[in-house]
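Taken together, the values in this text are just the output of simple stated rules run on the coordinates, not laboratory data. All values derive from a computational prediction rather than experimental measurement. FYI the Cβ positions are ideal-geometry reconstructions off the backbone, even for glycines, and counts take in every protein chain you see.
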């Protein structure tokens, strides 16, 4: 077991620089250097050519997943426990919102910037052990990543007012008028229910506004963008709509909005 923990810790040492971690004086242009989340020695010994990031070791954390995204071969998980939220990073693994997970040992970092996500975290824990998934099999990987597999359910009732403007539509209206709207600019407003970052060079955003049919799968719109909203955000997005879009490798969508931007 000790050998396993050592190997996991050493693996993080090798991959942390690729995620945006750098010691002071060795920071790539445009990347913020992480600062210690608390005083104390780093949990990983430095290796040749890789300065060890300073951080707080033994950062055990557990809770329910409220947000998750994959980027650059890693899974970022936002855990909530007793009203407190903590970001955790692990090598890419299938998880889902609502699942209970725990990390028995981790290295806590402050002011960490992920280059692949283009996002900064005030505090994040890099898990040094295998993630304990209390929710059992997630079922991720059993579904096509296309339209059928992209449908996201939600325990809550989503109700978001339609955006204003001539090119504004509800999610349900977009599905109804997909032939007429194919390859045209549209605007839609809704609540972000899922985000998958850094896949095929894009962030994949799932938006719902309460319209459409859950039974038919016309209540959930997949949007690709270089921007990265958080799960739970209500946003207005503009992009080009495509019907019957096939990216290959199972990524086929009845309707998808591409190259979208968030309207301020």
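Some notes on this structure:
- Length gained on full extension, residue 262 to residue 213, computed as 0.36 nm times the residue gap minus the Cα-Cα distance: 15.2 nm.
- Order by protection proxy (mean Cβ within 10 Å, highest first), peptides 225-233, 183-191: 183-191, 225-233
- Placing a pseudo-label 7 Å from each Cα along the Cα-to-Cβ vector at residue 233 and residue 82 gives an inter-label distance of 3.0 nm.
- Overall form of the stretch 147-262 per C-alpha gyration tensor (a/c, 1.5; a/b vs b/c): rounded
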